[in-house]
1. Taking the Cα centre of the stretch 11-111 as origin, sum charge times position over the Cβ atoms of Lys and Arg (+1) and Asp and Glu (-1), and report the length of that vector in debye to the nearest 20.
2. So between residue 21 and residue 75, what do we pick up on full extension, going 0.36 nm a residue minus the alpha carbon distance?
3. Which longest run of the chain has no exposed loop site in it, a site being chymotrypsin sites (Phe, Trp or Tyr not before Pro) in a DSSP loop with at most 15 other beta carbons within 10 Å, and the site itself not part of the run?
4. For the pair residue 58 and residue 95, how long in nm is the line joining their label points, each one 7 Å along Cα→Cβ?
5. Return an integer: the convex hull volume of the alpha-carbon atoms of the chain, in Å³ per residue.
6. At a threshold of 8 angstrom on Cα-Cα distance, excluding pairs fewer than six apart, so keeping six or more, what relative contact order does the stretch 31-87 reach in percent?
7. In nm, to one decimal, how far is the modelled label at residue 32 from the one at residue 8, with both set 7 Å along Cα→Cβ?
Amino acid sequence: MLNPFPIQFLAMLAYAILRFFVGGVLLYLGMTHVQHRTSFKVPLFIGLVSFFEIVFGLMFIAGFYTQYAALGGISLSILSLVFYKKIDSPYTPSRIFYVLFLGASLSLFITGAGAFAFDLPI
């Protein structure tokens, strides 16, 4: 079947867009967790998780070691799904968010950084 919009030459840009959005969401989530860490049941765990969310978010946005950041995003998603009951708070997204974030991180792990990154495509 023919593609109605033949713009396959922009595929590398699509990976970059996905990377920017995933990094931005992680950065926002990490900053929200830092601001409201006392409202969680385990503030030390949330402080550590928010640190990694901010670091991985910045790595995604910069395109610096994107596949390592994607592995970190996968790990954060799985940890959040497993320990969801313990970190339940008004400032915690729903489980479906973490499932979608897991899919986006897996996609970036497989595809790599895309355009405008410090990572070099192989």
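1. On the way: 6 positive and 2 negative charges, 44 e Å.
The calculation lands at about 220 debye.
2. Numbers: separation 54, 0.36 × 54 = 19.44 nm, distance 1.81 nm.
Residue separation times 0.36 nm, minus the Cα-Cα distance, leaves 17.6 nm.
3. Values: sites that count: 64, 83, 84, 91, 116, 118.
It works out to 1-63.
4. Those two pseudo-labels are separated by 3.4 nm.
5. Details: hull volume 13.8 nm³, N = 122.
In the chain, the Cα convex hull volume per residue is 113 Å³.
6. Numbers: 34 pairs, mean separation 18.9, N = 57.
It comes to 33 percent, rounded to a whole number.
7. 3.8 nm
Read-outs: derived from the displayed coordinates by stated rules, not from any lab. Model, not experiment: these values are computed from the prediction. Glycine also receives a Cβ, built like all others from the backbone with ideal geometry; neighbour counts cover every protein chain displayed.
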